[in-house]
Structures are given as C-alpha cells and as structure tokens.
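Every read-out reported here was derived from the displayed coordinates using simple, explicitly stated rules and does not represent laboratory data. In this text, all values refer to a predicted model and were calculated from it rather than measured experimentally. When we count neighbours, we look across all protein chains shown, and the Cβ atoms used for this are built from the backbone with ideal geometry, even at glycine.
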Amino acid sequence: MGKRETRAITPIQEERLKVGKPKQVAAGFAGISKSFGIGLSEAGLRRTWGAMRTVNKFDGYDCPGCAWPDPDGHRSGFEFCENGAKAFATEATRKRVTPAFFAEHSVISLSEQPDMWLDKQGRLTQPMVLRDGSDHYEPISWPNAFGMISDAVKNLNSANEAVLYTSGRTSNEAAFLWGTLARQIGTNNLPDCSNMCHESSGYALTPVIGIGKGTVRLSCFDKADLILVIGQNPGTNHPRMLSALASCKRNGGSIVSINPLEETGMRRFKHPQEVLSMIGSGTKIADDHFPVKINGDAALLKGLVKVILEEGQLDWDFIDTHTEGFEAFKQSAEEADWDDIVEGSGISRERITKLGLAVANSKRLIICWAMGLTQHRNSVSVIQEIANMLLMGGHFGRVGAGACPVRGHSNVQGDRTVGIQHNPNREFLDRLEEATGIGVPHEGGYDTVQAVKAMLNGEVRLFMGMGGNLVSAMSDTEQVANGMRNVGLTVQVSTKLNRSHLVTGREALILPCLGRTEIDQQASGEQFVTVENSMSVVHMSRGSLTPASEHLLSEPAIVAGIGTACFGSKPFDWGGVLQDYDSIREVIEQVIPGFQGFNSRVREDGGFYLPNGPRDGPTWDTPSGKAQFTVHDLPNAVAESGQFTMMTVRSHDQYNTTIYGMDDRYRGVYGARRVVLMNSADMAELGIDPGDEVDLTSHFQGRSIHAPAWKVVAYEIPRGNLCTYFPEANVLVPLESVAEGSNTPTSKSVAVTVSLP
Ligand SMILES: Nc1nc2c(c(=O)[nH]1)N[C@H]1C(S)=C(S)[C@@H](COP(=O)(O)OP(=O)(O)OC[C@H]3O[C@@H](n4cnc5c(=O)[nH]c(N)nc54)[C@H](O)[C@@H]3O)O[C@H]1N2
Ligand SMILES: Nc1nc2c(c(=O)[nH]1)N[C@H]1C(S)=C(S)[C@@H](COP(=O)(O)OP(=O)(O)OC[C@H]3O[C@@H](n4cnc5c(=O)[nH]c(N)nc54)[C@H](O)[C@@H]3O)O[C@H]1N2
Ligand SMILES: [Mo]
C-alpha cells in the first residue's frame, strides 16, 4: 500500500497576535491562581485539590513539570508551580480519546488539526492499531498488540532494524526494562530525548571531571556567593529554581544572567509559597544581565578566563593537586584576542572585565545552564570552558559551588543512569548480562539523528517510542516524517494524542499507559516508581488518582508484555519482575553502581543521593585520576553576511511539544505562536513593520529550507539574532546541523534569511 500523506507540521492558522510589554515579575499570585484555574478547568476541583496536595511529597507523585529537586529533609511543603500545575492538568484531564473518536476522525483529518487541539482531546484510553492501507485507528486487544510487535521483532533481518526511543518522563523501572528489552532484541539503538537536550553537557563533562552530571546539591544555592545562570529561562521552565536563587540572594549572594533575552524570572520573582511577598514587588533576582549574542558565550567565557588569569586569583593548591593541562589552557587563553572576544560576544571589554573580577573573587561559584548552551555546533567546547572556569577557582568538592546543568524532563537523568544509553560502557553491559542472563549486543547504537538517517535509508523496520513525540521534537520535521513513513511498524507508548501517532509507519500501534499521577496496581498490590532529579537524588513517586481508563497498563507492564510476547520468561522473567516493582529494583541494584540497598533506601523520606566524585571528594573518574583543563578556539559565526542566527525556544504556555495555550505571558506575546522576535533596528533596515508576515529560509551546507508566514514582533534581542518557538520552527533546523561530538541538533543556532513574501 502507498504511504499515508498525513501532515507532519501543525497547520498554519489565522492567529491574532497581540503584543504587550514583557512582564517584570514572575510567578507570585498570578502564577498560583492561574495554576489552580488550569487544574480546575481540566481535571475538576476534587482531583486538582487532592493531587496538588500530594505533589512532591515524600509519599506523593513526582511533579512531571521538570527535574528541579525538592528541598532535602522538608519535602512536605506545597512545592509546586504554574508549570507543574499545567503538567498535572493535562494528564489529569477528564476528557477522553475513545475508539469512537478514532472511528469518527481519520488520521488524515486528525493531522489537519493543530498540535494544541490534538492534546486537548484528552487521555488515550485503549490500545489502537492503524492497519496497512487503513485511514482509521481501530481498537486492538493488548495480547494482539504485543503479538504484532513480537511478529515484527521476529521478522527483522537484523536486530539493528529496531529502534527504541525514550522520552524523559519514564520512570527508572520502566526505563531499565526498556533498555533491557532493546538488548534482548539485540540492539543498542536507544535514542532518547537527551540526544536533543543535555547530551552536550554529559559529553563535555565526562572526560574532564569524570561524570556527566551536575556537582551541586540544592542546599548549595543557599551558600553560593555567585551564581551564573547561562542560557536558561527558569521563570518559565524551572520556576521552583527561582526559590533557590531568591534564597541565595537573601544570604547575600549575587546572581548574574547571561542570555540574549532578559527573561522575566530573572528580573523579579514573587515566591508563591510566601504569601507576604505577594504583596510587595518581589525579590529582584539578577544583579546583572549580560545580553550576549546567540552563541556568543564561547567568546564571553574566554574573556572571563583572561581576566581571571590576569587577576591571578586562582586556587593554586587545587590546580596542583587535582588537575592536568593548566599550562596549555593558560597559554591559549592569553593568546585570545580581545577584539574577537568583544565582537563574538557582543559585550564590551569593560563589562566582561567587571564580571571576570566578580568570578575571580568568588569563593563559592555555581554555574547553571540549559538549552541555551547545549544546542549549538560548539556546545561541547563551551561547556568544557565552563568546567575550566570552575577548575581555576577550585569550585568542586566544596559546599556552595559547582556545575549545575539544569535538566529538563523530570526523569531524563535517571533514564540515562539506568541504561538508556546508545553507547553503553562495557562494565554496564557485563553486569546486565550477568543479572539477566540475556546475551547483550556490544556494538553502539543510534542516537536520534542517526536513527532518523537510518529510517530515511530504509534501514529501520520497527520503531517504538516510550513516551515523547519524536516527529515534532526532532529537527527537520519533514525529514523525520519521511523517515517514519519508511518504517514497517511504529509503536507509541503514550498518555496523550500527538503528531507521532499520525505520521507513522505502514502499520502503527498506540499503547496507552498510566500517567504518574495515577494508581498503579500489580499482582502484589499498589506500586510506586522511582526517579532521579537534576541533583542526583533518587526518590519515589506514587500516584493517587483513579486511572483515566480501565484498559490502561503501566509502562513497566507494557514493556514486560512486549518482552514476554517476544521472548517468554527465559532467561529473563518479564512477567515475574512485574508482579512487584521491588523485583525490578533488585535487578537495577545488581547492574547500576550506587544503588546498593535500593529498596530500603528509596523508602526513606526523600530518597538518597547517588555518589558523585567531583561533588563528594573531589575525586575524578578520569583515566589519569585528575580533572582536565581543555583548550578551545573561538567558533566561527554560524550566519554569513545577510543571514541571521535564529534560536528556537519554549513559550510560557507549552511543555515541549505539548501546547497548552497561545500566550507567552512573560514575554508579552499573546494569541500567536508562529512569530519571530526581531531587533527593531534590523526590522527598520529590512523595511519590516511590527506584525508584518515574513518568510524564513534556513541555510546549511548548500541546502535551504523555506517556511512561510511568521509574524514579526519587535523585541529586545541582540542585532542579527532571531527567536522563534519550537516545535513550529523545527522544520527549519537542518538534520545535518549538529553539535560536534554530542550530535545534538543545533536548535539554538540556525542560519536564516528573512524575506517579505
Ligand atoms: N513550562 C515548561 N517547563 C519545561 C519545559 C517546557 O517546555 N515547558 N521543558 C523542559 C525541558 S525538556 C527542558 S530541556 C528545559 C528547558 O529549559 P530552557 O533551557 O530554559 O529552555 P528554552 O526555552 O529552550 O530556553 C533556552 C534559554 O536560552 C537562551 N538562549 C538561547 N540561545 C542562547 C545562547 O546562545 N546563549 C545564551 N547564553 N542563552 C541562549 C534563550 O533566550 C532562553 O532563555 O525545561 C523543562 N521545563
Ligand atoms: N527546535 C527545538 N527542538 C527541540 C528543543 C528545542 O529547544 N528546540 N528541545 C529538545 C528537548 S530539550 C527535548 S527534551 C525534546 C523533547 O522531546 P520528547 O520528550 O519526545 O517530547 P515531549 O513533547 O516532551 O513528549 C510529549 C508526549 O509524551 C507523552 N507522555 C506524557 N507523559 C507521559 C508518560 O507519563 N508516559 C508516557 N509513556 N508518555 C507520556 C504524551 O503522549 C505527550 O504527547 O525536544 C527537543 N526538541
Ligand atoms: Mo529537554
């Protein structure tokens, strides 16, 4: 049969753009009342109130909003935010997508609907199948769905024709089983959302400090004397982090934001849990803001390093005892030219010097970063420059100091820890083999970019997604869609309807699962799962709501069902471990270092910290046992003359590809998402007025991609830079444009020309 021509990109709609002033104050009362409002309208009063009382409590569910940790020891407060409330409401909604819904709507007609509409139809309720040649999903039983997958596995010409994607909301238990399933199929093709997210951070940090994770605890934020927040928008994406920043300020610390945009949370913040502060104007968060050009961080950091070296305020004891490579690093920094630094960063030498002195004088420095640093061609080297700067001052193994890559999805870090790795190391594979009896493959697998390329080449016959929405989340949407259409069977384990259910292989399955807020009942009784936050704390998560439908299975049950259908119970007893998740945790304990006593320790209030050499020692799990200084040249500009550098970011009303609403309240952009933020001097030069529609064309290695009709918003953004929202703008990010080393799509560095239609 021919391929279905479903739409890969949300249709372009009539949008009513209204532009106001960016907000000065984040969160506070507007945040809380809005949160409840969102919860109420979707989930109803009893469910909203009941669930919000248990979120992030020791015995409640882990907030699916982000991976920011909860305070150690007193995790019983009302730790939630607008972001978490929205994430809760979309999951706990009372609306349902039933078989009747699919009988009424063909996949073609569904694909003509906007992404926001798809999500708003409610929770998926039953397993559904899209058969070869059919335009409608129909119900299928769980055993038959698992049977289809097992047939597909048996029909693979080689195990590497299977790809198992993971999104970062999946629990440790489900993720561990998922990775094990892939290895029993015989492949390490385990691309995951990290590949598009913090891969650059892990890839950069592991060789230089011996671990690919952050090295601070939440309590460090109270003690830091300086925190740099680089390439991150916490007001929207990690609102609870603002409490930690405010606490640093109350204790006399300083906070500096480095970002092409002055984001709202970094201006002022009202703590929603401190009623008194709602009355005042809130805490001023950032003491200073550096409006660096997009990807100007490499130059800015180089300037800071030069100032620190000139100042001579280095921790020489630390450098002598703990590091290697200082001389080469020093020499290369000294040779860097100030004109290049100022030109590359867009920040004057005076301003860089001022910040450099503050860094040099800091005794307890934390550097936080997120997607503004990880999604560029030279991301790995920028993050290693951050490590250099921390090493110069000895900011490891010291309370109140360290590296803090702020994770996105609530368990993206845990998924990696328990084996979602496309390039797993030998020790892990050996232990997995020993604990499960499964003969594991040793050849490395695909990341997301490689997986899409393999699909385009017709080398993938089975794609399965554990959560997420790869079609919309990946770069180069049309290419991803072409790849998906080449696959024999595509399977999505999901809670909500999204585009990856509509742009499919020849056949497709939707396997609906429990969400984190829901009760998970197995043979031995009610279960909990575990997750790991941004600061390496493993803790439990237990839902309390009645499941959205009686047909739902938990994620572990779905993986175990597939495992049993494909391989029976030998050598690994899929059905057996499912009866009680403690048994899954027992296997994890045997395979993953740091999980000794998993079942008892995770039952303690707040869970436990995984070991972390640079934080706890410092010790360094590098070949020489020392931390490494590294040398980095300044990058060439992405954009040629006449081109802009475009970043693609999140609005305030979305969770990745889930669109909650059309407003970006903090930035003052209302009613529209197909917008492009632009400096007014650039607009004047091109004869563009606010509200005009322009076409955007991206350019990479001779290939151009054209996307029409973006409304222009005049915004305070460095000249030569543009900002659009993802996922709409993903169509413009070329598949081939990736970060060196980590292979992450360069979603924050796209060379673009702007034209009036
Ligand atoms: N409400 C909500 N919360 C979320 C998410 C969500 O979609 N919605 N997503 C979750 C996920 S998976 C993640 S990974 C995180 C993402 O959290 P963020 O990384 O905060 O997300 P982005 O919107 O991509 O914002 C990137 C920020 O980097 C800045 N930036 C872009 N390019 C550069 C640059 O070259 N240099 C510097 N210095 N700054 C730059 C942008 O202006 C923007 O402020 O949030 C998580 N939390
Ligand atoms: N241009 C551009 N592209 C980007 C980014 C960017 O900044 N710019 N950011 C990248 C980043 S940081 C990330 S992390 C990726 C995100 O990529 P993904 O993780 O693949 O995407 P999400 O939008 O988070 O996935 C949403 C879907 O997950 C499913 N879901 C929700 N909860 C659950 C659950 O509990 N279980 C299961 N099984 N399914 C569930 C729902 O069906 C929902 O539709 O996108 C990346 N793409
Ligand atoms: Mo992410």
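Globularity index of region 200-406 is 0.98 (Cα radius of gyration / 2.2 N^0.38 Å, N = number of residues).
Sorted by average packing, counted as other Cβ atoms within 10 angstrom per residue and highest first, what order do 16-25, 656-665 take? Don't skip to the answer; put the middle values down first.
Working: 16-25: 14.6, 656-665: 20.8.
Going by the mean number of other Cβ atoms within 10 Å, highest first, we get 656-665, 16-25.
Which whole-number percent of Cα pairs in region 58-171 have a distance greater than 24 Å? Of the Cα pairs, 50 percent sit more than 24 Å apart. Among the listed pairs Lys3/Lys711; Lys18/Lys748; Lys23/Lys453; Lys293/Lys330, a Cα-Cα separation exceeding 30 Å is found for Lys3/Lys711; Lys23/Lys453.
For region 644-755, the ratio of Cα radius of gyration to the globular rule of thumb 2.2 N^0.38 Å stands at 1.04. If you bin all the Cα-Cα distances of region 305-347 at 5 Å, starting from zero, the percentages per bin are 5, 19, 25, 24, 13, 9, 6, 0. If you look at the Cα atoms of region 142-241, you get an Rg and a Dmax of 19.3, 60 Å. When you filter the GluC sites (Glu not before Pro) in region 546-637 for DSSP loop state and at most 12 other Cβ atoms inside 10 Å of their Cβ, you are left with Glu550, Glu604.
Beta bridges per DSSP, both residues in region 200-406: antiparallel share near 10 percent. Working from label points 7 Å from Cα in the Cα-to-Cβ sense, the Ser680 to Arg351 distance is 1.8 nm. Legend: translational diffusion of the chain by Stokes-Einstein, Rh = Kirkwood radius over C-alpha pairs, 4 °C, 1.567 mPa s; D = 49 µm²/s. In the chain, the DSSP-assigned H stretches of four residues or longer account for a calculated mean residue ellipticity at 222 nm of -10000 deg cm²/dmol, using -39500 (n - 2.57) per stretch and the full residue count as denominator. Evaluating 6.51 cos²θ - 1.76 cosθ + 1.60 at θ = phi - 60° for every residue in region 297-310, the Karplus couplings come out as 5, 4, 5, 4, 5, 4, x, 4, 4, 4, 4, 4, 5, 4 Hz, glycine and proline recorded as x.
Highest-first packing order for the peptide set 302-313, 161-172 is 161-172, 302-313, based on the mean count of other beta carbon atoms within 10 Å.
Cysteines in the chain lacking any other cysteine Cβ under 4.7 Å from their own Cβ: Cys63, Cys66, Cys81, Cys193, Cys197, Cys220, Cys248, Cys513, Cys566, Cys723.
When +1 charges are put on Lys and Arg Cβ atoms and -1 charges on Asp and Glu Cβ atoms, the dipole computed for region 620-707 relative to its Cα centre reaches about 420 debye. Of interest is the spacing of the C-alpha centroids, which for region 347-378 and region 93-165 amounts to 46 Å.
Multiply the residue separation of Asn361 and Glu5 by 0.36 nm, subtract the distance between their alpha-carbon atoms, and state the gained length in nm to one decimal.
Working: separation 356, 0.36 × 356 = 128.16 nm, distance 6.01 nm.
Additional length available on full extension: 122.1 nm.
Secondary structure note: in the chain, about 45% of the DSSP beta bridges are antiparallel.
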